[in-house]
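The values are calculated or read from the model by the stated rules, or taken from the named source; none is laboratory data. None of the values given here were measured: they were computed from a predicted structure. Cβ sites come from the backbone with ideal geometry, for glycine too, and all protein chains shown count toward neighbours. Note: accessible area is taken over every heavy atom of the protein model, side chains too, but ligands, DNA and RNA are not part of it. Shrake-Rupley method; radii C 1.70, N 1.55, O 1.52, S 1.80 Å.
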Amino acid sequence: MPSASPTSRRSYLSLQLLDLGLSHSMLNLELWGRGHRHSALAGAAMAAALIWISLLVGLLEGLGGTEAQQTTLHPLVGRVFVHTLDHESFLQRPEHVFSVSAPIPITYHAHLQGHPDLPRWLRYTQRSPYQPGFLYGTATPEDRGHQIIEVTAYNRDSFNTTQQMLVLLIGDPEGPLLPYQAEFLVRSHDVEEVLPSIPASRFLTALGGLWEPAELQLVNITSALDRGGRVPLPIEGRKEGVYIKVGSASPFSTCLKMVVSPDSHARCAQGQPPLLSCYDTLAPHFRVDWCNVSLVDKSVPEPADEAPAPGDGILEHDPFFCPPTEATNRDFLTDALVTLLVPLLVALLLTLLLAYVMCCRREGRLKRDLATSDIQMVHHRTIRGNTEELRQMASSREVPRPLSTLPMFNVHTGERLPPQVDSAQVPLILDQH
């Protein structure tokens, strides 16, 4: 059985002391109830002392726990770097808890010391809190030197946090350079499935059958999602895909050269598999998309770009660009008058035409009456005269109001109550005879 860490022992001791202090407190309450005051006071003092001791042990534990564990790693420039964040290296449990085999969910947060995120060459991935996390990437020559990565682990059950310091000493690799590099898209795996050493070495061994004789080394591993790939559907067997770049000091084999030939690209454009003159030793463990294979040859140095020489600032003679050397003076008064006066004159003519149509072309009542027949005019005047006479008679008439408008009128008999009768004493509905 593995031994517990000093921090776990201090935590366990503080819990035992606190439990003992609470037991003494309960005993003191019982003694107080029985009347033993002196013993109760002594027990209370002992309990208080034990509680203070437990608090002091807890404080020392907290001070000791703030010291993060430190691990030194040695990444190499141009070589893939993989570091596994294992749960067991971050757990701090007492001795009696190590026998429990229940998985503990832990998530991680890593960043460069003094910065909110990781350096540009380093990535982090974790599939679920119950699986380990990975820090992986390939350092560039600009990243040489000393870098410190702070990793904080969060226990999702107890909400405890543990911190580790990863000291990265990035240096140059030993051995020959790797000028011949080939990148493969493996669609049958996710990135965290090839980061461990066993699947990575299995891929290199299988690739050795296609690239002989060569000592292969991993140069870079990148998730297909980081290269613009889509998240696959949640169907069994669908993977995100991963790009694996392999380098070697030996030239490419004839089989690999045929894969990237123009004939193979033409077949891939038609939806057919490319030409492969050798046996696919990567299948069936690794399903490689042979239409996405790229070969990079760095054995021939690229010509250096010529540095631009500063000139005198004067453009050379160009027959297609002949700007005028002199600009003649031009009077814009005529243009301004034409621009302003022509619209004003057009608006004035339209206004005069509209005024003539509205005011000078009216027919008048005389012409209207002459165009109307005499019978229609007599009929119209008769209607108007009768209407005026009825209005005058209505304004001067003095006739009694209709019986239907008087109060308490009986529609069947025509009788109505005399005015002196109190209407409050009359029923609302009279007897019908």
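Observations on the model:
- Legend: Rg and Dmax of region 152-213, from Cα coordinates, 18.3, 53 Å.
- Multiplying the residue separation of HIS380 and GLU302 by 0.36 nm and subtracting their alpha-carbon distance yields 17.3 nm.
- Simple spin-label estimate for LEU169 and GLU316 in nanometres, 7 Å along Cα-Cβ: 5.5 nm
- Lysines whose Cα lies under 27 Å from that of LYS245, excluding same-chain neighbours fewer than 8 positions away: LYS257, LYS298
- For region 179-226, the fraction of 1.4 Å probe accessible surface lying on carbon and sulfur atoms is 50 percent.
- Cα-only radius of gyration and Dmax that characterise region 259-375, units Å: 43.1, 117
- Modelled FRET efficiency - R0 25 Å, GLN131 with ALA206, Cβ distances, 0.05 increments: 0.50
- Mean Cβ neighbour count within 10 Å, used as a protection proxy, ranking 74-84, 353-363 highest first: 74-84, 353-363
- Å² of accessible area per residue within region 180-297, as computed with a 1.4 Å probe and no ligands counted: 53 Å²
- Computed FRET value (nearest 0.05) for LYS367 with ASP335, which takes r as the C-beta separation and R₀ as 41 Å: 0.20
- Between ARG156 and ASP226, the simple spin-label model (points 7 angstrom out along Cα→Cβ) gives 2.3 nm.
- Longest to shortest principal axis, alpha-carbon extents of region 180-297, angstrom: 38, 36, 24
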